[in-house]
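Structure first, commentary second.
The values are calculated or read from the model by the stated rules, or taken from the named source; none is laboratory data. Being a predicted model, the structure only gives us computed values, none of them experimental. We place every Cβ from the backbone using ideal geometry, glycine too, and count neighbours over all the protein chains shown.
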Amino acid sequence: AINVHFILQVLLGDVGAGKSSLVLRFVKGQFVEFQESTIGAAFFSQTLAVNDATVKFEIWDTAGQERYHSLAPMYYRGAAAAIIVYDITNQASFERAKKWVQELQAQGNPGMVMALAGNKVDLLDARKVAAEANGKRSNGFIVQFCFGFNAHACQFDFLFSLATQEAQTYAQENGLFFKETSAKTASNVNEIFYEIGPKDYLE
Ligand code: GTP
Ligand code: MG
């Protein structure tokens with residue numbers, strides 16, 4: 001029996017946030033440190049067998065550079081789902097992500113499913129490990145008073161963990177699925193694509 005389920009997804013987000021890296025991780029299981037900036041858009045597909053069903057992901061990876069902004073509607077209009085990507089080390093990319101969410105809410109598919117990806121979480125994990133090794137962290141909370149030559153790094157840790165909470169709250173308020181991801185370590189990459197993937201084959 002033919003039992004194929006398609007989903008068309010689109011990735012949107014600031015330049016350098018890691019859209020192409022997330023797709024390459026999902027589709028090819030690869031990561032490159034010097035991924036080239038996308039020109040226009042790139043198309044990927046991934047086919048998975050789940051029990052007796054075939055699930056096909058079709059993914060538009062758009063370009064984050066501002067000069068390609070006017071092309072974006074061509075890619076998101078037909079999409080059933082979107083992943084809006086920001087870089088957790090870059091506040092401006094989070095502001096840009098919110099702008100994309102607004103645009104999709106106003107002009108996207110009415111039933112579009114959206115996910116927010118706070119990417120490059122491996123960079124935060126690296127800092128957490130360093131902070132823990134320095135005894136600045138207990139029970140997952142960050143000590144706000146830091147001394148000595150590491151004070152600057154500690155301050156950063158504090159700011160980044162606030163950003164996580166801010167993104168979580170923003171996602172809840174706007175009905176978005178939210179995950180912090182890493183294309184580098186593969187953390188939460190499959191999860192975020194599956195979460196906004198086809199669900200009907202599970203029934
Ligand atoms: P545009 O195509 O220009 O819109 O950018 P993009 O969103 O596709 O970003 P891209 O995937 O090209 O990644 C930009 C840079 O960030 C590359 O050098 C990647 O190697 C790096 N990068 C992407 N994801 C991660 C991640 O999860 N962790 C780390 N450490 N670096 C990442
Ligand atoms: Mg790209």
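What the table below lists for this structure:
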{"item": "Selection within the range 1-27 - within 13 Å of ligand 1 (Cβ to nearest atom) and farther than 20 Å from Asp87 by Cα", "result": "Val27"}
{"item": "From the options Phe26, Phe43, residue that is within 14 Å of ligand 2 (Cβ to nearest atom) and surrounded by 17 or more Cβ atoms within 10 Å (Cβ to Cβ)", "result": "Phe26"}
{"item": "Contacts under 9 angstrom Cβ, first residue in the range 68-85 being more than 20 Å from Lys199 (Cα to Cα) and touching a residue at least 24 places away in the same chain (Cβ under 8 Å), partner of a type in the set (Ser, Thr, Tyr) and in a loop (DSSP other than H, G, I, E, B), 6 or more apart", "result": "Tyr68/Thr38; Val85/Thr181"}
{"item": "Pair list, Cβ < 8 Å and 6+ apart or interchain, from the range 5-30 residues that are of a type in the set (S, T, N, Q) to residues that are assigned to a loop (DSSP other than H, G, I, E, B) and more than 8 Å from ligand 2 (Cβ to nearest atom)", "result": "Gln9/Ala79; Gln9/Ala80; Gln9/Ile196; Gln9/Gly197; Ser21/Phe31; Ser21/Val32; Ser21/Ala183; Ser21/Lys184"}
{"item": "Selection from the range 1-23 of residues that are surrounded by 15 or more Cβ atoms within 10 Å (Cβ to Cβ) and more than 10 Å from ligand 2 (Cβ to nearest atom)", "result": "His5, Ile7, Leu8, Gln9, Val10, Leu12, Asp14"}
{"item": "Boolean, Val32 is surrounded by fewer than 14 Cβ atoms within 10 Å (Cβ to Cβ) and within 15 Å of ligand 2 (Cβ to nearest atom)", "result": "yes"}
{"item": "Residue list for the range 87-103, filter: at pLDDT 95 or above and either crowded, with 23+ Cβ neighbours inside 10 Å or among the basic types (Lys, Arg) (or both)", "result": "Arg96, Ala97, Lys98, Lys99, Trp100"}
